[in-house]
1. For region B:5-24, name all the residues that are at the interface with another protein chain (Cβ under 10 Å from one of its Cβ atoms) and hydrophobic (A, V, I, L, M, F, W, C).
2. Among the numbered criteria (1) free of Cβ contacts under 8 Å to residues at least 12 places away in the same chain; (2) facing chain B (nearest Cβ under 7 Å); (3) under 28 Å from B:V90 (Cβ atoms), which one does A:V48 miss?
3. Mind listing just one residue for me: the one in region B:125-149 that is β-branched (V, I, T) and in contact (Cβ under 8 Å) with a residue 40 or more places away in the chain and, of those, farthest from B:G97 (Cα to Cα)?
4. Quick check on region A:130-143: of everything there that is surrounded by fewer than 15 Cβ atoms within 10 Å (Cβ to Cβ) and within 19 Å of B:S220 (Cα to Cα), which residue is nearest to the other protein chains (Cβ to nearest Cβ)?
5. What tally of residues in region A:191-215 results from selecting those that are touching a residue at least 12 places away in the same chain (Cβ under 8 Å), under 15 Å from A:K170 (Cβ atoms), small (G, A, S) and surrounded by 15 or more Cβ atoms within 10 Å (Cβ to Cβ)?
6. Please go through region B:188-222 and pick out each residue that is among the small types (G, A, S) and either within 14 Å of chain A (Cβ to nearest Cβ) or under 30 Å from B:K120 (Cβ atoms) (or both).
7. Where the second residue is of a type in the set (F, W, Y) and more than 10 Å from the ligand (Cβ to nearest atom) and the first is under 25 Å from A:E129 (Cα atoms) and lies in region B:202-223, which pairs have Cβ atoms under 8 Å and are six or more apart or on separate chains?
8. Does at least one position in region B:83-92 carry a residue that is more than 12 Å from the ligand (Cβ to nearest atom), touching an Asp or Glu at 6+ places or on another chain (Cβ under 8 Å) and facing another protein chain (nearest Cβ under 7 Å)?
Amino acid sequence: MHRGKGMKFVGDSRVPKNSGFVPPKDYSEYPGKTEAFLPNFLLKEWMVGAVFLVGFLVLTMAEPSPLEAEADPTKSGYIPLPDWYFLFLYQLLKYPYAAGHYKVIGAIIIPGLALVGLLLAPWLDRGPERRPLKRPVATGLMLLAIVSVFYLTWESTVSHDWKQAAEQGKIVKKVSIDKNSKGYKIYSSQSCVNCHGQNLEGQVGPSFIGKNIPASLVEQVAVKGIPPKMPANAFKGSKKDLKTLAEFIAKSSKK
Amino acid sequence: MLAKLYDWIDERLDITPMWRDLADHEVPEHVNPAYHFSAFVYCFGGLTFFTIVIQILSGMFLVMYYVPDIDRAWDSVFYLQNKVAYGQIVRGMHHWGASVTIVMVFLHTLRVFFTGAYKKPRELNWIVGVLLFFVILGLGFTGYLLPWDMKALFATKVGLQIAASVPFIGGWIQTLLQGSDVVGAQTLARFFAIHVFFLPAVLLGLLAAHFIMIRRQGISGPL
Ligand code: HEM
């Protein structure tokens, strides 16, 4: 070791002068068909990478990334769903022994054990064997973990109401509604506004916008309802008012 | 000409050791898919890195349009997605790239696990790897809120409730991430900062450690 004594440096730097170039070993000195990273291997890697990139770009063009309606904290009926790689955890927390009182089990203990197990794997599995079949416990536990994650993910997609999910997140066109019109005044003084929204955009009940609902249907539904979700006799008032209301909704629903 | 330039730099900076570590090293036969097709499993680490580069680049372009403010976040994403030329591709690369990254880290972890590559002397690199995995999941969680659409808001509410259920420090974690009593303006600002500054900084540091260790130790031998 020089440790700096008696060495000459480039200027006042710490780079030694004439340290002597140690040529890298020739690749033929390595066993088997070892090849140089640059350029031999990297060029091939880049070709594969380029193909991958083209495929990926095609995906981004063919499949637009999803965007739901702007966040609205008042819509408490929304059924939440995380991105797909958290679904297994989400599903785990639905089981009675991992939810409610036992939430700590599903949210902390099980994932915590998995994390600690993963971190300590080199110390839990200390034998010299590297082949999977020669260390059955480690391999078995990992396979079990993989199967559980896949199973939970699959379960969560089966039990999710995808139709409602698509409906609840839809971007609804914002339309200007004449809030001073007689029709709107009747609408907002009735119960309708609570379920169908201040701007007819929908709350518990569906939005009217863009649905092109005929006035006759509104009149009928306002009285008879649509069992079981839309109550009967939602409208309370005179026949004339009902007609004005129906025409207002029919007109607005064309927007 | 190039050789001369190299010598000129080398004399001043002694870059040969660095250059060897970066590019001029060997690729053993057992990890080279050109010789053994099944060796493609050794490419997952490199592919993960490739997708991370995609995430960083597309993310830098996203920030040119994105506004981390609850009034305008959604509108800015909507505008980028529907009005800006090639905006759909920029957002698509980051959105789908996130999923591809997760898949690749998962596969890479499995490759390392099933080839027993975490054993002595590579224990430290395995730990760095597990931390990388969690940083990536953290990036996924914080990024999901940023478009400020319905699924973002309600999924984050659930996620923060889960964080709050951690014994003793749960409430503290929730306050730290949420920033106020509700998931709102403060939360979005914090998630944005965590997603684009804190976690990427940690990610790059861990990646540097990961790669330095791989170069020091070389890839594990054939089974
Ligand atoms: C952030 C993402 C990551 C990147 C970009 C990355 C990158 C890489 C690369 C390029 C290699 C060389 C070998 C190969 O490609 O298979 C490697 C090896 C390794 N990785 Fe990762 N990695 C990441 C995450 C992880 C994770 C999550 C783990 C484990 C929990 C891990 C553990 C290891 C170990 C132990 C090695 C050495 C394997 C050997 O020598 O055979 N890495 N990594």
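1. B:L13, B:I15, B:W19, B:L22, B:A23
2. (2)
3. Just the residues of region B:125-149 that are β-branched (V, I, T), to begin with: B:127-128, B:130, B:135-136, B:142.
Still in the running and in contact (Cβ under 8 Å) with a residue 40 or more places away in the chain: B:128, B:135-136, B:142.
Working: B:V128: 22, B:V135: 16, B:I136: 12, B:T142: 15 Å.
Looking at residues that are β-branched (V, I, T) and in contact (Cβ under 8 Å) with a residue 40 or more places away in the chain, I get B:V128.
4. Looking at residues that are surrounded by fewer than 15 Cβ atoms within 10 Å (Cβ to Cβ) and within 19 Å of B:S220 (Cα to Cα), I get A:R131.
5. The total comes to 3.
6. Pass one, region B:188-222, residues among the small types (G, A, S): B:189, B:193, B:201, B:205, B:208-209, B:218, B:220-221.
Those that are among the small types (G, A, S) and either within 14 Å of chain A (Cβ to nearest Cβ) or under 30 Å from B:K120 (Cβ atoms) (or both): B:G205, B:A208, B:A209, B:G218, B:S220, B:G221.
7. Going by the 8 Å Cβ cut-off, there are no qualifying pairs.
8. Going residue by residue through region B:83-92, those that are more than 12 Å from the ligand (Cβ to nearest atom) are B:83-92.
Going one step further and asking which of them are touching an Asp or Glu at 6+ places or on another chain (Cβ under 8 Å), we end up with B:92.
This time we only want the ones that are facing another protein chain (nearest Cβ under 7 Å), so: B:92.
There is at least one residue in region B:83-92 that is more than 12 Å from the ligand (Cβ to nearest atom), touching an Asp or Glu at 6+ places or on another chain (Cβ under 8 Å) and facing another protein chain (nearest Cβ under 7 Å).
The values are calculated or read from the model by the stated rules, or taken from the named source; none is laboratory data. Here the structure is a predicted model, which is why all the values come from computation and not from measurement. We place every Cβ from the backbone using ideal geometry, glycine too, and count neighbours over all the protein chains shown.
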